[in-house]
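Trainee: One structure is given below, represented as structure tokens, and several questions about it will come after.
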Amino acid sequence: MPSENSAVPSETVQGMLQFITEIAAEIPSGPDRPLMSNMEAPVDSIFGIELTPPNILLFRALIFSFFFQPVLLYSTWFLFPDLGKNRKRLSWTLTFFCAVLLVSTGIAEVGHVRLTIYSFLGWDKIAGPDATLFSYWTPTLHKWILQFRSGKDDQNAISTIKLVTTIMSYRTSDSWASFQDSITLAWEQLVPLLLDAETWKGLLGCWMRWVVSLPIFSLKPLEQPQLFSVSRPYLLGGGGRVLFSLESYPRDNWFISILSGYFVGYCLGDLVLGLLHYRKELDPASGWMHHTLYVGLVFKVAQKGQLGIFLAAGALLEVPTIFLASGNMFPHLREDFWFPLTFFIFRIVFVAGMLHEVTFNYPIPWEGVFVYFLALSIHVFWFVKYLKGRKRRALRAQKVKQEALERQKEQEQVQEQQDRGESMALMSPSLPSEKSLTALENEMGDVYSTGVASLAGHGGANTIQLRPKNSVARA
């Protein structure tokens with residue numbers, strides 16, 4: 001068993017991983033009660049990838065990411081039910097979150113950007129290799145975190161980590177009895193630890209000290225990025241100065257392993273969930289082929305121990321994906337400025353710089369050079385296709401707008417003619433209708449009859465009798 005001093009987690013993440021690895025190595029045969037007599041030999045590699053601590057972390061992050069994708073999708077679907085009405089919008093959900101994670105965390109590994117930000121904030125002048133954001137801004141909190149539940153109180157936490165690591169390292173056989181023994185042992189020894197409050201306090205202390213020791217919070221002085229080619233300065237021109245230098249990026253570490261594992265888990269989870277919920281939106285090129293090739297690419301670079309190059313070249317490429325995915329998920333956020341601009345900068349200019357770097361300056365196999373060349377060619381093809389489609393959509397929109405203006409003009413002309421006809425009808429003299437003439441004639445007939453009767457009463461026999469013109473009698 002490790003000593004009391006070695007039970008305290010290291011101040012660095014790599015030390016923490018080494019600590020867990022040492023615990024697992026000290027108990028190869030498991031606890032006191034053997035689980036099985038025919039233990040399988042430990043596996044040294046999976047898919048040709050050597051099981052080093054960074055690669056083990058890669059596979060664990062992959063498994064976690066794969067099972068985390070349904071949680072992410074269904075949670076977003078629950079918060080935004082309208083996404084389910086259009087499965088194309090739903091299909092961009094996992095892509096959006098993966099792009100945000102890769103960009104926001106991967107940018108910390110870009111030496112040029114990190115150096116510029118730290119210099120602007122004045123952090124590059126902070127002395128001491130152990131300086132962090134917490135020790136500089138909140139020294140009291142930092143001191144309390146380092147002392148919280150430390151020493152002997154960590155024993156339960158360390159025992160829990162030790163037990164979990166042991167159970168995960170078992171190589172069970174096909175025997176159902178052996179499997180039952182594994183479950184029984186885990187239940188008997190793990191449950192009492194989980195029910196103990198001291199266990200959770202110790203785990204909280206370990207976790208807090210682990211967080212404040214992350215390299216992303218480190219403020220130790222940064223070295224100037226490599227701006228000159230070491231091997232072939234005469235091929236670069238301008239005194240050998242380069243803008244993109246992979247010599248400025250860190251080598252493989254825990255951070256890169258976690259991000260690479262998450263990306264592979266996203267690719268696999270997106271395909272599985274796509275078969276269930278948005279099968280028609282799984283494009284053969286950008287869906288099946290893209291995800292399958294990138295899973296193989298990550299495994300290939302993991303075999304070579306070059307995951308750092310994959311992250312350096314892949315994280316910033318997802319900047320335009322954020323704008324594309326958000327515009328597809330929420331149409332009111334769609335725009336035609338930031339996506340093409342960021343696509344040109346990060347998918348064409350940046351990849352072209354990386355292609356130049358790996359071709360002339362960085363020791364990388366020819367397959368890596370071919371991958372960069374293929375990526376640049378595909379991105380140029382996509383960008384030209386996007387510009388043509390945008391021009392075609394603009395012409396179609398202009399045509400629709402012109403047709404709408406013509407229809408509006410025709411309606412205005414018809415309305416103007418109708419208004420003009422009504423005005424002329426109001427201005428012309430009105431002529432009596434046939435019904436008006438008949439009523440007037442009847443009225444005049446009554447007047448004539450009344451006049452005749454009056455004259456007959458006063459004028460005697462010699463009086464002329466007036467009759468209506470339709471009368472045939474004479475006086």
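Trainee: What GluC sites (Glu not before Pro) in the range 281-349 are in a loop by DSSP, with at most 13 other Cβ atoms within 10 Å of the Cβ? Show your work: numbers first, answer last.
Mentor: Values: sites: Glu281, Glu318, Glu335; in loops: Glu335.
Qualifying residues, ordered by number: Glu335.
Trainee: Expected output is a single nm value to one decimal: the length gained when fully extending between Lys385 and Val191, i.e. 0.36 nm times separation in residues minus the C-alpha distance. What is it?
Mentor: On the way: separation 194, 0.36 × 194 = 69.84 nm, distance 5.84 nm.
Result: 64.0 nm gained on full extension.
Trainee: In addition: For a footprinting-style exposure proxy, rank Leu72, Leu387 by other Cβ within 10 Å, fewest first. Spell out each step's value before the answer.
Mentor: Details: Leu72 18, Leu387 12.
Going from least to most buried by this count: Leu387, Leu72.
Trainee: Please give the contour-minus-distance gain from Trp137 to Glu412: 0.36 nm per residue of separation, less the Cα-Cα distance, rounded to one decimal in nm. Present the calculation step by step, with values, prior to reporting the outcome.
Mentor: Working: separation 275, 0.36 × 275 = 99.00 nm, distance 6.96 nm.
Extra length from Trp137 to Glu412 when fully extended: 92.0 nm.
Trainee: Right, next: For an R0 of 60 angstrom, estimate the FRET efficiency from the Cβ-Cβ distance between Glu198 and Ser377 and round to the nearest 0.05. Let's see the in-between values first.
Mentor: Details: r = 59 Å, r/R0 = 0.98.
Computed FRET efficiency for Glu198 and Ser377: 0.50.
Trainee: Still on this structure, please answer the following. Taking 7 Å along the Cα-to-C-beta vector as the label spot, tell me the Arg396-Arg420 distance in nanometres, rounded to one decimal.
Mentor: Reported label-point gap for Arg396 and Arg420 is 3.9 nm.
Trainee: Ok, one more. Please list, in chain and number order, the residues 5+ apart from Ile46 or on another chain whose amide H is under 5 Å from its amide H, with Hs placed from the backbone.
Mentor: Close amide H contacts, sequence-distant or interchain: Leu51.
Trainee: To continue, here is another question. I want to check the label-to-label distance for Val211 and Thr76. Put each point 7 Å from Cα in the C-beta direction and report it in nm to one decimal.
Mentor: 2.5 nm
Trainee: Could you sort the peptides 96-106, 75-85 by per-residue average Cβ neighbour count (10 Å cutoff), highest mean leading? It would help to have the intermediate numbers written out before the result.
Mentor: Working: 96-106: 19.3, 75-85: 12.2.
Result, highest mean Cβ count within 10 Å first: 96-106, 75-85.
Trainee: Fewest first, what order do Lys300, Lys88 take by the number of other Cβ atoms within 10 Å? Don't jump to the answer; show the numbers that get you there.
Mentor: On the way: Lys300 18, Lys88 12.
The most exposed by this proxy come first: Lys88, Lys300.
Trainee: Given R₀ = 41 Å, what would the calculated FRET efficiency be for Trp288 paired with Leu341, taking r from the Cβ atoms and rounding to 0.05?
Mentor: Details: r = 29 Å, r/R0 = 0.71.
Computed FRET efficiency for Trp288 and Leu341: 0.90.
Trainee: Using modelled backbone amide H atoms (1.01 Å from N, in-plane), which distant-in-sequence or interchain residues come within less than 5 Å of Thr132's amide H?
Mentor: Close amide H contacts, sequence-distant or interchain: Leu219.
Only the coordinates and a few stated rules stand behind these numbers; no lab work does. In this text the structure is predicted, and so the values were computed from the model without any measurement. Every residue, glycine among them, receives a Cβ derived from its backbone with ideal geometry; neighbour counts consider all protein chains shown.
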